[in-house]
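The values are calculated or read from the model by the stated rules, or taken from the named source; none is laboratory data. Remember, it's a predicted structure, so these values are computed and weren't measured experimentally. Please note: Cβ atoms are built from the backbone with ideal geometry, for glycine as well, and neighbour counts cover all protein chains shown.
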Amino acid sequence: MMGREPQDDVIVVDDLVREFGDFTAVDHMSFRVHEGEVFGLLGPNGAGKSTTIRMLCTLLRPTGGHARIAGYDVVRQASQVRQHIGLVAEKLILYDRLTARENLRLFGKLNHLPEQVIDERADYWLDRLQMTRWQDHLAGTFSTGMKQRINIARALLNMPRVLFLDEPTLGLDPQTTRSIREFIMELHKQGMTIILTTHMMAEAEMLCDRVGIVDHGKMVALDTPGGLKRLVSDNGRLVLELEISNLSESMVRDLQALPEVASIDHESATSLRLHAQPGEGGSTEVLSRVIAAIHADGGRILRLSTVEPTLEDVFLKLTGRAMRDEASEKVAPRRGHWRRAATRVR
Amino acid sequence: MSEVLGASKGRELAASGLEDRRHGGGRQAVADAWVIAWKDILDFTRDRMRLISFVIMPIFMMVMTGYIFPNQNSLQNMPLAVVNQDQGPLSRMIVDALNKMTLPAGGGQARQGMAALGEAGPGKTASRSRSGNPVFRIQPAGSLAEAKELIKSGQANGAVFIPRDFTRQVGQGKQPHLVVVTDQANLQISSMLSSVLDQFLGAMATQVGAQKVAPLLAARETAPGPRASAGASGDGGSAGAVPGEGLLQMMAGAMQQAYGGLGAGGLQRARATVQPFVVRIEGIVPGPPNYFQFMAPGIMAMVVVMAVMMGLAGAISREREIGTLDGILIAPINRLSIIIGKTISQSLRGLVQGAVVLILAILLFHVKVYGSIAWVAGLLLLGIFSFVGLGILISAFATEQETAMTILMTLQFPMMFLSGAFFPVQQMPTFMQGLSKLVPLTYAIDGLRKVIILGAGWSAIQTEVLVLTGFGLAMLLVAIPAFNRVITR
């Protein structure tokens, strides 16, 4: 086929732009996703994640740049792209007045699957998502978690090469969240390419092979979760969390006096967080000095742990701590508010 | 299991689906449209409240428009102030006749609309039988001023003033005035009242004329009895048709009493002299005009077209709002299939509602369909077709269901009145008539009226059919590209 990309780059995004009026939601974004990869898109509200996904799903026309999915251009070959994608959007794509199975049958038919194949796959996914016993109930009677499971089954009916999951665990209880995460891992093992957006750092860390951090429509960082964490830990700083049952002022002063200790934050009456810059002896030396100092003051250590930087730290470091009201989905900046508000609602 | 349904198999199937599309694009598009229509109908039938209101709405519409408009039943016991300053035999007879004037009682005929009575209906319907309810309740008054006070205070709907020496002046050929006072604050009643009085008094005037002419034509032998089919146009000052033959008979009797014995034949010749010809008003189809016959097509077209437009624009904006439209849009189907599918489901609903209106009209209001039901359905479908484009256009630009509904409501009102659903377009000022020509609903209603009331076929409604088709095509030509453009922006 013409213009087919190398097999391992199932998504190629090249200089993609999307403007709403004079607000640029996606600002010259470029990235590639390999076949079989779970690719995370992280970013504050309104950073442009969903806009990017909608463009890749052919639901939104880019203002500039190109994107290809499975080798097909999302604008010029939209209908071929649609053969290869499945979408779990922010909003449930499910009809409340149809039963679970009727919903699946409907979307199966719209994907031109033979009835027998639809039933076969519906049986499989319903079973896999533990929804078989509810299949003949109206979707409107389901809990959010049940709806989301049917929604995912629906997105998988056409066995897409690329599955887009836009905050799939948003608003779900811990049980459903866990089962959906396990399910994503299973799909990953089967070789499906998955694009996942989430606000839960733990989720991204657990599921994603690579994570792109998006802010103000730009990709500000793109690496494996480990690689991203090194961004914030590379300066070699050691963070310790300590819980001492008889924590006292003098103990804190003595710890502060240690040459390697940079700062101490009190977490509570009995616990503190200690930031240290290891010297010649490395972190082992810091650890034993800290322990020795506490012992010298007669402190009883209940817990001591080293704190690894999380994706959350990376995220906050890269995107700042300011809240994103201004650039959030439906509230646009003052000027031209009316028009933009209208065009951004979906 | 997971291996059986692995990703590679899915891809093969997806690929074969692609081939299908390439080979049978048109057929596939229609099949997809049916899938969407099926979904919509299934979805619709699952909501009991919506189903109930779906049937009740046309019933309400029909019953409301059927019963709020004045009909013959409103013409009962109307308080009428009468000032009789004359006290001669002629004026006494007029008052007496006003007192005795009745309407036919009972079922079917009473439902016949005001057209039969107030406007030029065939002469036989009004004031025929003496067994019904009296039309007027006479309130005697001493002077014209007193009568006017009665009207102002609401104790009378109108007044008749007979001046002093009325009988004598008639006898002397002085053409005295008889005054009818109407209540300008009550337009409907006063127009009905004045037209009834006008007819009645006009008929009496003719009769008096005949009586006066009769002696001049006397000295002939007797002739056969009065003609069976009466009904005549007025002469001189009185406009409108003459009420029924029964009334004439009654009055002839009274006249004979007043003026002494003249033969029925002489009277007949005298009547022919005063009134040289008789106008008989005839409809295109037999029977008196029926107000519902006029209303039913308008209401049917309006209910159906509005329901479909609302349904179409509402359904698309709603699906967009709740997000399910995305699911349809990312399926590898033609955008046109979405439009066609939605149109099919909404049209089916519309036709069912149209049928409800028609069945109600037939059962409750004795409407008769003179033309073919197929043309009725065909015109309704064309009416729907002419509005599909507009519905889609609205749904494309209204991002929320509420917005779409607001836009539709805004359009609905002018359309309701401009289309002539309730009031004939011909009664409107020229400017409004021009505007009404821009509303496709006008043509749908016109066509339906021709088919239902007049039993028209293709040759009589081809203009309407062509205009509706043209409107529909033009709207779609604008709407479909706009929809495609806006829906993916």
Checklist line | A:Arg68 vs. criteria more than 9 Å from chain B (Cβ to nearest Cβ) and either at pLDDT below 90 or part of a strand (DSSP E or B) (or both) | finding: yes
Note to self: Exactly one condition in (1) crowded, with 18+ Cβ neighbours inside 10 Å; (2) more than 14 Å from every other protein chain (Cβ to nearest Cβ) is false for B:Ser372; which is it?
What the structure shows: (1)
Margin query: For the range A:158-167, which positions are closer than 16 Å to B:Thr324 by Cα and either touching a Phe, Trp or Tyr at 6+ places or on another chain (Cβ under 8 Å) or of a type outside the set (Asp, Glu) (or both)?
Written below: A:Phe164, A:Leu165
Item checked: Residues satisfying the stated conditions in the range A:24-71, i.e. touching a residue at least 60 places away in the same chain (Cβ under 8 Å) and basic (Lys, Arg) -> A:Lys49, A:Arg54, A:Arg68
Next item on the list: Among the residues of the range A:71-97, count how many are outside any helix (DSSP H, G or I) and touching an Asp or Glu at 6+ places or on another chain (Cβ under 8 Å).
Entry: 9
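Test of understanding: among B:Ser419, B:Ser395, which residue is over 16 Å from the mean Cα position of the chain (by Cα) and among the hydroxyl-bearing types (Ser, Thr, Tyr)?
Numbers: B:Ser419 fails: over 16 Å from the mean Cα position of the chain (by Cα).
Within the list B:Ser419, B:Ser395, the selection yields B:Ser395.
Where in the range A:242-325 are there helices (runs of 4 or more DSSP H), lying wholly inside it, with at least 2 residues that are under 30 Å from A:Ala221 (Cβ atoms)? I'd like the intermediate steps shown before the answer.
Numbers: elements: A:249-257, A:282-296, A:311-319.
Qualifying helices (runs of 4 or more DSSP H): A:282-296, A:311-319.
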Next item on the list: State whether one or more residues within the range A:15-31 are charged (D, E, K, R), over 21 Å from the mean Cα position of the chain (by Cα), in a loop (DSSP other than H, G, I, E, B) and at pLDDT below 95.
Entry: yes
Next item on the list: Check the range A:35-42 and report whether any residue there is at pLDDT below 95 and either within 19 Å of A:Gln80 (Cα to Cα) or more than 16 Å from the chain's Cα centre (by Cα) (or both).
Entry: yes
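Could you tell me how many of the residues in the range A:101-131 are touching a residue at least 40 places away in the same chain (Cβ under 8 Å) and either more than 27 Å from the chain's Cα centre (by Cα) or within 11 Å of another protein chain (Cβ to nearest Cβ) (or both)?
In the first step, residues of the range A:101-131 are kept if they are touching a residue at least 40 places away in the same chain (Cβ under 8 Å); the result is A:103-104, A:107-108, A:111, A:113, A:128-130.
Narrowing further to those that are either more than 27 Å from the chain's Cα centre (by Cα) or within 11 Å of another protein chain (Cβ to nearest Cβ) (or both): A:103, A:107-108, A:111, A:113, A:128.
Summing the residues that are touching a residue at least 40 places away in the same chain (Cβ under 8 Å) and either more than 27 Å from the chain's Cα centre (by Cα) or within 11 Å of another protein chain (Cβ to nearest Cβ) (or both) in the range A:101-131 gives 6.
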Item checked: Counted residues, the range A:263-284 - those being surrounded by fewer than 14 Cβ atoms within 10 Å (Cβ to Cβ) and either not assigned by TED's automatic domain parsing to the domain that holds A:Leu240 or not polar (S, T, N, Q) (or both) -> 8
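Quick check on my filter: what residues within the range B:324-342 are β-branched (Val, Ile, Thr), within 7 Å of chain A (Cβ to nearest Cβ) and out of contact with any Ser or Thr (no Cβ under 7 Å at 6 or more places or on another chain)? Give the derivation first.
We begin by selecting, within the range B:324-342, every residue β-branched (Val, Ile, Thr); these are B:324, B:328, B:330, B:333, B:338-340.
From what is left, the residues that are within 7 Å of chain A (Cβ to nearest Cβ) are B:324, B:328, B:330, B:333.
Selection gives B:Thr324, B:Ile328, B:Ile333.
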Note to self: For the range A:43-62: of the residues being at the interface with chain B (Cβ under 10 Å from one of its Cβ atoms) and in a loop (DSSP other than H, G, I, E, B), which is nearest to the chain's Cα centre (by Cα)?
What the structure shows: A:Cys57
Notebook entry, point to check: Restricting the search to the range B:300-348, which residues are free of Cβ contacts under 8 Å to residues at least 12 places away in the same chain and of a type in the set (Val, Ile, Thr)?
Noted result: B:Ile322, B:Thr324, B:Ile330
Next item on the list: Kindly indicate whether any position in the range A:113-124 is touching a helix residue (DSSP H, G or I) at 6+ places or on another chain (Cβ under 9 Å) and polar (S, T, N, Q).
Entry: no
Check: Could we say that B:Glu464 is without any contact (Cβ under 8 Å) to a residue 24 or more places away in the chain, among the acidic types (Asp, Glu) and in the same structural domain as B:Val357 (by TED's automatic domain parsing) here?
Finding: no
Next item on the list: List every residue pair whose Cβ atoms lie under 7 Å apart, where the two residues are 6 or more positions apart in sequence or sit on different chains, the first residue falls within the range B:185-209 and is within 30 Å of B:Gly173 (Cβ to Cβ) and surrounded by fewer than 24 Cβ atoms within 10 Å (Cβ to Cβ), and the second residue, located anywhere, is polar (S, T, N, Q) and modelled with pLDDT of 75 or more.
Entry: B:Ser194/B:Thr182
Note to self: Of all residues being away from chain B (no Cβ under 14 Å), of a type outside the set (Ser, Thr, Tyr) and assigned to a loop (DSSP other than H, G, I, E, B) in the range A:132-167, which is surrounded by the fewest Cβ atoms within 10 Å (Cβ to Cβ)? Just the residue, please.
What the structure shows: A:Gln135
